[in-house]
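What follows draws every value from the coordinates through simple rules; no lab data is involved. Just so you know, these numbers come straight off a predicted model, no measurement behind them.
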């Protein structure tokens with residue numbers, strides 16, 4: 001826990017020195033927004049998960065996503081899933097992934113669209129890493145519906161599991177809106193569609209809180225809906241942008 005407190009303090013200090021022009025837009029849930037050229041954004045979260053089928057519980061801390069604007073239409077993305085503590089076992093690290101988000105629509109488009117591509121690097125612990133790279137892509141589209149915002153993401157990934165490759169479809173739908181100045185809510189239905197198996201849906205609800213244009217806190221909770229996903233999970237996130 002000491003490491004978590006130190007990281008929060010460091011990010012808070014960094015936020016105090018960051019300058020702001022536009023309100024921060026995070027990828028929690030994933031959006032069609034691309035960072036401005038030269039801007040860097042750090043998004044992190046800490047999560048508790050209660051597993052099904054007698055697997056106990058686990059902690060994930062901290063998941064870290066670093067985004068950097070390469071141009072007006074593209075950003076670089078590096079994600080480190082942090083350390084996972086499973087009941088009855090030690091800390092395990094997951095595979096790092098690297099990717100890019102490309103804005104497909106013009107400035108001010110009524111329906112912003114973006115394409116995200118990624119590949120993982122087999123860099124994690126034996127329990128968490130697959131030992132081979134996964135890769136995939138998804139398309140994001142947003143639309144305002146009065147006071148609400150609708151976000152749709154759809155894509156596919158090619159995964160290495162149990163000694164072989166298989167396809168996995170990805171689909172998630174998000175809806176959200178403002179609560180008051182600096183606060184917003186969202187609901188998200190996320191689903192994996194593993195090759196040769198039934199879908200695996202997960203529902204998440206969350207709120208975001210922001211006291212200035214370059215920082216944001218997130219609180220969220222959810223559960224799996226099909227009897228195979230987590231019985232419950234909850235987390236807290238923090239994001240900061242440097243212009």
Going by the alpha-carbon gyration tensor, a ≥ b ≥ c the square roots of its eigenvalues, is segment 32-81 rounded (a/c under 1.5) or, if a/c is not under 1.5, prolate (a/b greater than b/c) versus oblate? prolate
So for segment 2-242, averaging the separation of alpha carbon pairs under 8 Å that are six or more residues apart and normalising by length, what relative contact order in percent results? 18 percent
Between residue 96 and residue 111, 0.36 nm times their residue separation minus their Cα-Cα distance comes to what? 2.3 nm
